[in-house]
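Have a look at the structure below, then the notes.
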Amino acid sequence: MFEVKEVKDLNLAENPVISQMSMYNHEQLLFCNDTATGLKAIIAVHNTVLGPALGGTRMWMYNNEMEALNDVLRLSRGMTYKNSISGLNLGGGKAVIIGDSRSMKSEALFRRFGKFVNSLAGKYITAEDVGISPVDMVWVSMETNHVVGLPGKSGDPSPVTAYGVYMGMKACASQQFGSDSLAGKKVAVQGVGHVGEYLVKHLVSEGAEVTITDIHQETLKRVADQYGVKVVGLDEIYDVPMDIYAPCALGATINDDTINRLKCSIIAGAANNQLANEKVHGQLVKDKGIIYAPDFALNAGGVINCYSEVAGLSAQWSMAKAEEIYSTIGNIVSRSSAEGVPTYQIANKMAEERIESIGKVKLPL
């Protein structure tokens, strides 16, 4: 027998979904399920003050639904801050599809996902992210116009993302070493997928000494052979001699275990949510004298590339805009030093200030 209760009798604060939405101040969550295709996905819309929420779709084999929920909430919040600090007229959103990207993809699954995106009527615009290719986005686009990063348009955002990370890394080097040259610097790149490989290319071209790792052995071997860089095991990457640690895979790699193992002076990579606990590890990094480039400011090249498609701007505009990440990161690091607070706090403040000011403009008279 079922017990029926009035909503007022339930303590919604104990609901893990409601409480997490409140924690990050999200506007909307859409849970997507389709038995026929095997689709299980979550779309999170964090904030739309600056414009429609834009953020990629990630396909990952999460251990459980709560892990996926936590990831999409953190990622979508990061997109709000990323779009704001980059001066884009976009809000923040993200989507995750729970599944193995190497075995579970199908046209039917992505088209069904496209229908869910379309049901939000333009409030959320999607694009590719980890585990997703431009071809997958073509299938999504068959069911919705609210998708960017398609072949023949702005395309793969990875080169622009990597270029922005590279420029921001150079800005950190300028502050930490007195020169933005990376020649001879030891850089450990964790993850050499699309973005990581392009970053390795930039670093090797400038004469940096690069060490890499990745979960996919075939990718690791190909990149190592092509660029002549050193390979280490997944866990060994934290212990290698390095000047710069560049996390370019999944987040939370700066945590209680790794933070005492890293011997770097700079942390600057493409991964999202690199700090396992923003407040705790952001402060610890600062206390150790390490310059941390806040990830959402550093890896904004991808969303800049996508915005160029939304706004009808050129590829040249995207690269020029990504180059501005150098000055954005330089400003964050300078303010952090002057104000004596961690860089993530400065970056958050800069993003929040723009959202607040534009929000006031949009208030009804």
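The values are calculated or read from the model by the stated rules, or taken from the named source; none is laboratory data. Because the structure is predicted, anything quoted here is derived from the model rather than measured. With ideal geometry, Cβ positions are generated from the backbone for all residues, glycine too; neighbour counts draw on all protein chains shown. Surface areas here come from the heavy atoms of the whole protein model, side chains and all, with no ligands, DNA or RNA. Shrake-Rupley method; radii C 1.70, N 1.55, O 1.52, S 1.80 Å.
Per-structure values
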{"read-out": "Cα gyration tensor shape of the range 205-292, rounded if a/c is under 1.5, else prolate or oblate by comparing a/b with b/c", "value": "prolate"}
{"read-out": "Solvent-accessible area per residue, Å², over the chain with all protein chains present [probe radius 1.4 Å]", "value": "44 Å²"}
{"read-out": "Ordering of 138-149, 240-251, 288-299 by burial proxy (mean other Cβ atoms within 10 Å per residue, highest first)", "value": "288-299, 240-251, 138-149"}
{"read-out": "Distance in nm between pseudo-label sites at residue 17 and residue 280 (7 Å out along the Cβ direction from Cα)", "value": "2.8 nm"}
{"read-out": "Computed magnitude of the charge dipole of the range 164-299 (debye, nearest 20; Cβ of K, R +1, Cβ of D, E -1)", "value": "260 debye"}
{"read-out": "Exceeding the 22 Å Cα-Cα cut-off - candidates 82/279; 82/115; 82/321; 82/170; 186/263", "value": "82/115"}
{"read-out": "Computed lengthening from residue 323 to residue 138, 0.36 nm per intervening residue step minus Cα-Cα distance", "value": "63.7 nm"}
{"read-out": "Fully extended contour minus Cα-Cα distance, from residue 35 to residue 107, at 0.36 nm per residue", "value": "24.5 nm"}
{"read-out": "GNM top mover of 28, 217, 345 - the chain, alpha-carbon springs below 10 Å", "value": "217"}
{"read-out": "Residues residue 234 and residue 153, FRET efficiency given R0 of 41 Å [Cβ-Cβ distance, rounded to 0.05]", "value": "0.70"}
{"read-out": "Shape category assigned to the range 84-206 from the gyration tensor of Cα positions, a/c cut at 1.5", "value": "prolate"}
{"read-out": "Tensor-based shape of the range 214-355 (alpha-carbon gyration tensor, a/c under 1.5 rounded, otherwise prolate or oblate)", "value": "oblate"}
{"read-out": "Over the chain: helical MRE at 222 nm, DSSP H runs n ≥ 4 each giving -39500 (n - 2.57), nearest 500", "value": "-14000 deg cm²/dmol"}
{"read-out": "Alpha carbon convex hull of the range 150-296, projected area averaged over orientations, nm²", "value": "8.7 nm²"}
{"read-out": "The chain, accessible surface, carbon-and-sulfur percent (1.4 angstrom probe)", "value": "52 percent"}
{"read-out": "Among 122, 92, 312, residue whose mean-square fluctuation peaks in a GNM of the chain (springs only between Cα atoms under 10 Å)", "value": "312"}
{"read-out": "Calculated FRET value between residue 358 and residue 225, using beta carbons and R₀ = 41 Å, to 0.05", "value": "0.25"}
{"read-out": "Computed lengthening from residue 339 to residue 183, 0.36 nm per intervening residue step minus Cα-Cα distance", "value": "53.1 nm"}
